[in-house]
Amino acid sequence: MKLIFHSMRVYAARIAQSMFIKLLGAVTELLIPFILEHLIDEVVPLGRMDKVLLWGMLMVFTALITRQLNVWANRIAIDNAHNVSYDVRQALFAKTANLSGAEFDKFGLPSLISRMTSDSYNVQTCVQSLQTMCIRVPILMVGGIAVTMAMDPVLSGILCIIVPVLILVVLSVSRYGIPLYRKVQERLDDVVRIMREDITGIRVVKALSKTEYEKNRFAGANRAMTRSDILASSIMAVPGPFMQMCLNIGLTLVVWVGAIRVNEGLVKPGVILAFLTYFNMVMQGVMGINRIFMLLSKASASANRIAQVLDSQSSQRVLPAAEALQPSGEGFIRFEHVDFSYHADAGQTAAGGQREQCLYDISFSLNRGESLGIIGPTGCGKTTIINLLMRFYDATGGGVFVDGRDVRSYQKDQLRRKFGVVFQNDMVFYNTLRENIRFGRDLDDAALLRAVEDAVAREYIDSLEEGLDYQADIKGANLSGGQKQRLLISRALAADPEILVLDDSSSALDYKTDAALRRAIFEHHKNSTTIMIAQRVSSIQNMTRILVMEEGRCIGYGTHQQLLETCPAYLEIYRAQMGELG
């Protein structure tokens, strides 16, 4: 709950304004039954219609003022709640965008999505209700009891017996709400995860005729979430019927006892009518407390989940020069005896008791303007090398250096501005081709066109009627695989980066286009240090150095010709791809 109150503090003045107006509305609401009692018991017996009309108009005017004050307060409260929710989502998005790879893996994409949507909405609802109900409810309860005590202490005793019992029930039930609603949000994470997987992979699902299978899988997660939600809502709804029963019993007692007291001449009839109205107000206040606790339980669970992300302490701090490692040799990019495990921070281990590693003792060096090709089977650690180089993760052993500095000594933006990158399954955004290439950078059209030329994308872009203003669908659904890859390569080349990383980015290109692309890069981006991950030997054979990977280990390093002579695995790949096997 600290997150909610901390977020509300920014808008303290507006929130105070809303609550003060709500206070005035609650006070005027308390006046209406009092005016009614005076009208019936004091004005009507006089038999003067002018006074009856006057007090009746006063009662109507008070009701209108009450309505207007409540509407005004509610509008301000809604604005405040939306502003708080906006700030929470912005902070959560900013934190998510800066999570390290290990932190992102810990929370998971579906959970982060539900925290930013469902959880932030729960916080918004709570903030709005706190402003409107936390003033009105106590005023109606305390004020209603105080006025009724002044009117008739005997009848007021009925309220003094029922109200504490109801509050005790509400408090007893509400303490179970937070863990139950936290479980609901965790189940929602599972629903979002399966939904995202199925929507993203819908073609695969249909191609393999697994629609029914996925429907059943989603139904299972949906059913689990629904059951958790029903359990939480059922328990939190327990006080409702009990309150309604107490309300009916209380009203019956008020009418019965009141009739006796009127008959005995101890109170006037108007007092009974006013008392019934105040009784309803007090009971509405108690029910309001139940609703407040229900909202607080749900919002507290959501706020705690949001706070887990916002308060997460990154293990990736910027190291001062005194703590950073120093390279033992020359090279613009250097890996020195690098080990890595994706589960190092979590302490997960393999079945044999040793921590599972993805990389073992990886070492290589590249001078500025040189190129490195990385080849090997799927899962051998090729992309992991890029993740360490760009500091999405930190090495668990050894050192990674760029331009003579430990990558951990750079500010992340300072490091990553050096790169132009195309990842596997990279993202085409729902925007024009121009903005997909520019991507918010200060690049003129001349730079964009040069990048398009170098990525061998000019021909297909010129064939489009809108050219660079052509609208790409979400994830580039209206582009072919080769078109998407050339668009992404254009984005990477547009800023003429110091380090160009192409992670299996030409797999959808034919050999002729692939060759033209490599030729353009080598001719027009000679100052860029290039790292290319590929499955084709033809894509990397002209690189300055080639790194051959297998099961996280370097089994070959050198030029194409050197590897043909010294690395059997590379020679086997070469022969298989060039048709020389056998």
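Details
- Of all the criteria given as (1) modelled with pLDDT under 85; (2) within 30 Å of Val163 (Cα to Cα); (3) hydrophobic (A, V, I, L, M, F, W, C), the one not satisfied by Ala97 is (2).
- Subset of segment 450-466 [open to solvent by 80 Å² or more (accessible area, probe 1.4 Å), closer than 20 Å to Thr513 by Cβ and free of Cβ contacts under 8 Å to residues at least 24 places away in the same chain]: Glu459, Asp462, Ser463
- Cross-chain or 6+ apart pairs with Cβ under 6 Å, segment 467-480 first and open to solvent by less than 60 Å² (accessible area, probe 1.4 Å), then among the charged types (D, E, K, R): Leu468/Arg434; Gly476/Lys484
Matching residues to (1) in contact (Cβ under 8 Å) with a residue 60 or more places away in the chain; (2) surrounded by fewer than 20 Cβ atoms within 10 Å (Cβ to Cβ); (3) out of contact with any Lys or Arg (no Cβ under 8 Å at 6 or more places or on another chain):
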site: Leu3; (1), (2), (3): yes, no, yes
site: Arg9; (1), (2), (3): no, yes, yes
site: Ile35; (1), (2), (3): no, yes, yes
site: His38; (1), (2), (3): yes, yes, yes
site: Val52; (1), (2), (3): no, yes, yes
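- Cross-chain or 6+ apart pairs with Cβ under 6 Å, segment 389-400 first and closer than 12 Å to Asp361 by Cα, then open to solvent by 30 Å² or more (accessible area, probe 1.4 Å) and in a loop (DSSP other than H, G, I, E, B): Gly399/Leu325
- Within segment 92-117, residues that are touching a residue at least 60 places away in the same chain (Cβ under 8 Å) sit with their Cβ atoms under 8 Å from residues that are of a type in the set (Gly, Ala, Ser) and in a helix (DSSP H, G or I), at 6+ positions apart or across chains, in these pairs: Leu92/Ser120; Arg115/Ser302.
- Checking each residue in segment 409-449 for being open to solvent by 60 Å² or more (accessible area, probe 1.4 Å), of a type in the set (A, V, I, L, M) and under 27 Å from the mean Cα position of the chain (by Cα) picks out only Met427.
- Close pairs from segment 132-148: first over 19 Å from Leu295 (Cα atoms), partner among the hydroxyl-bearing types (Ser, Thr, Tyr) and open to solvent by 40 Å² or more (accessible area, probe 1.4 Å), Cβ under 9 Å, at least 6 apart: Gly144/Thr277
- Test: residue in segment 233-244 that is open to solvent by 60 Å² or more (accessible area, probe 1.4 Å), in contact (Cβ under 8 Å) with a residue 24 or more places away in the chain and not in a helix (DSSP H, G or I): yes
- So Arg545, is it touching a strand residue (DSSP E or B) at 6+ places or on another chain (Cβ under 8 Å), open to solvent by 10 Å² or more (accessible area, probe 1.4 Å), touching a residue at least 40 places away in the same chain (Cβ under 8 Å) and not hydrophobic (A, V, I, L, M, F, W, C): yes
- Residues in segment 54-74 that are of a type in the set (S, T, N, Q) and open to solvent by 40 Å² or more (accessible area, probe 1.4 Å) were compared, and the one that is farthest from Met151 (Cα to Cα) is Asn74.
- Candidates Ser118, Ser85, Ser114 - the one that is among the small types (Gly, Ala, Ser) and at pLDDT 85 or above: Ser85
- Residues being among the basic types (Lys, Arg), under 19 Å from Asp229 (Cα atoms) and open to solvent by 60 Å² or more (accessible area, probe 1.4 Å) are represented in segment 296-306 by at least one member.
- Val163 vs. criteria in contact with a helix residue (DSSP H, G or I) (Cβ under 8 Å, 6 or more places away or on another chain) and at pLDDT 85 or above: no
- Sub-9 Å Cβ pairs linking a first residue in segment 405-434 that is among the hydroxyl-bearing types (Ser, Thr, Tyr) to a second residue that is assigned to a strand (DSSP E or B), at least 6 apart or interchain, are Tyr410/Val402; Tyr430/Gln471; Thr432/Gln471, ordered by first then second residue.
- Residues that are under 18 Å from Ser129 (Cβ atoms) and either open to solvent by less than 60 Å² (accessible area, probe 1.4 Å) or more than 35 Å from the chain's Cα centre (by Cα) (or both) within segment 11-28 comprise Tyr11, Ala12, Ile15, Ala16, Ser18, Met19, Ile21, Lys22, Leu23, Gly25, Ala26, listed in sequence order.
- For segment 117-155, the set of residues classified as surrounded by fewer than 18 Cβ atoms within 10 Å (Cβ to Cβ) and among the hydrophobic types (A, V, I, L, M, F, W, C) consists of Cys134, Val142, Ala146, Met149, Ala150, Val154, listed by residue number.
- Options Gly285, Gly270, Gly258, Gly220: the member that is under 21 Å from Pro138 (Cα atoms) and open to solvent by less than 50 Å² (accessible area, probe 1.4 Å): Gly285
The values are calculated or read from the model by the stated rules, or taken from the named source; none is laboratory data. If you're wondering where the values come from, they're calculated on a predicted model, not measured in any experiment. Positions of Cβ are generated from backbone atoms using ideal geometry, with glycine treated the same way; all protein chains shown enter the neighbour counts. Side chains are part of the model used for accessible areas, which takes the heavy atoms of the whole protein and leaves out ligands, DNA and RNA. Shrake-Rupley method; radii C 1.70, N 1.55, O 1.52, S 1.80 Å.
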